[in-house]
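Derivation of every value follows stated rules applied to the coordinates shown; laboratory data play no part. For clarity, every value in this text was computed on a predicted model and none was experimentally measured. Cβ sites come from the backbone with ideal geometry, for glycine too, and all protein chains shown count toward neighbours.
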Amino acid sequence: MYHKGDYELILCIKGPIYLQIGDRRITLNDHEVLFVPPFTTMYGYQNSKGDVDFYWLHFFSQYREDVFESEEEQMVSEVKTNKQSKRKIFLPMHFKLSDYEEATILIHQILSIHNELSFIEERDYLVSALLIQLYKSYFNHPDSSDESSRINAIKEWIRANMSSTLTVEEIAENVNLNADYLTRLFKRCTGMTTLQYLNHIKIEVATLLLIRTEMPVKQVAFNSYFNDPKVFMRRFKSSTGLSPSEYRKSYNLIHLNNPHVDPQIPIPKRIADSIDYIPENGDIPE
């Protein structure tokens, strides 16, 4: 396809995806972001061996953008030290997103907006918020690759061992770290404390169950690893700005091309099995 005046943003959830942008070939892997500039020809140059999963947005900018070449270290240093540069957004055309969950929440908000004319301005604000989130995520990523790898391994352990009784102390003990140091490491690498990350994962499970099932709210709370439905309601409202019922009503119009549950979200197996297939366009599985 040939892009005219619009930018294209692709967030890959599951890759690889093989794309050629102009004369440049790119392999887009899990949790990587790609920007395709206007007036560019793009096509797939190779088939992916397995299933792929990605979000794909088009947007126009109010002002003309500049595309330039720069060394990554030099650009990061300039943005972090130059206050004037913080008035602008700088993003690589292709980069790894360390906290892709935050971006997917904003993308879901964009997708959930109705198509009526009165909602166009709201969509504009949300796309701007998404670009700002990507900018902050890229320039705030930890300088140490060892730290980043370590925190990603801890995240995976948390997801694999998620329960309603999991505590920061238990996580620290299992990854052989002091609980206070673990929290400082989480804060530095993710912007969240360990406890905030635990609650983030629980809310992530809850949002998926609210959208993809008809499960009662109390049952959603239990299957999102909350022992107390009232605590769940309070934390959900604090995190999303909506009650669970309001969230379900607002987001149930989103059409997801990929019917499978994101394996990164630690849904209890008995629940995941029941929503492993979501019929598309009213089709009934044989």
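A few points about this structure:
- Nonlocal amide H pairs with I13, under 5 Å, H built at 1.01 Å: H31, D53, F54, Y55
- Here each label is just a point 7 Å from Cα along the line to Cβ, and for S149 and Q20 those points are 3.4 nm apart.
- For the listed residue pairs K155/K218; K136/K202; K136/K187; K14/K49; K14/K237, the alpha carbons are over 21 angstrom apart in K155/K218; K136/K202; K14/K237.
- Calculated FRET efficiency for the pair N161/Y2, C-beta based, R₀ 51 Å, to 0.05: 0.60
- What the Cβ-Cβ distance of N176 and L242 gives, at R0 = 35 Å and to the nearest 0.05, is a FRET efficiency of 0.35.
- Dmax and Rg, reported as Rg then Dmax, of the range 7-139 (C-alpha, Å): 15.5, 45
- Taking the average, over residues, of other Cβ atoms within 10 Å as the packing measure, peptides 127-140, 193-206 rank 193-206, 127-140 from highest down.
- Shown is the FRET efficiency for Q196 and F39, computed with R0 = 35 Å from the Cβ-Cβ distance and rounded to the nearest 0.05: 0.25.
- Amide hydrogen proximity for I21: with H placed 1.01 Å from N in the peptide plane, the residues at 5 or more positions away or on another chain lying under 5 Å are I26.
- Cα gyration tensor shape for the range 1-44, rounded if a/c is under 1.5, else prolate or oblate: oblate
- Cα shape, the range 148-232, gyration tensor, a/c 1.5 rule: prolate
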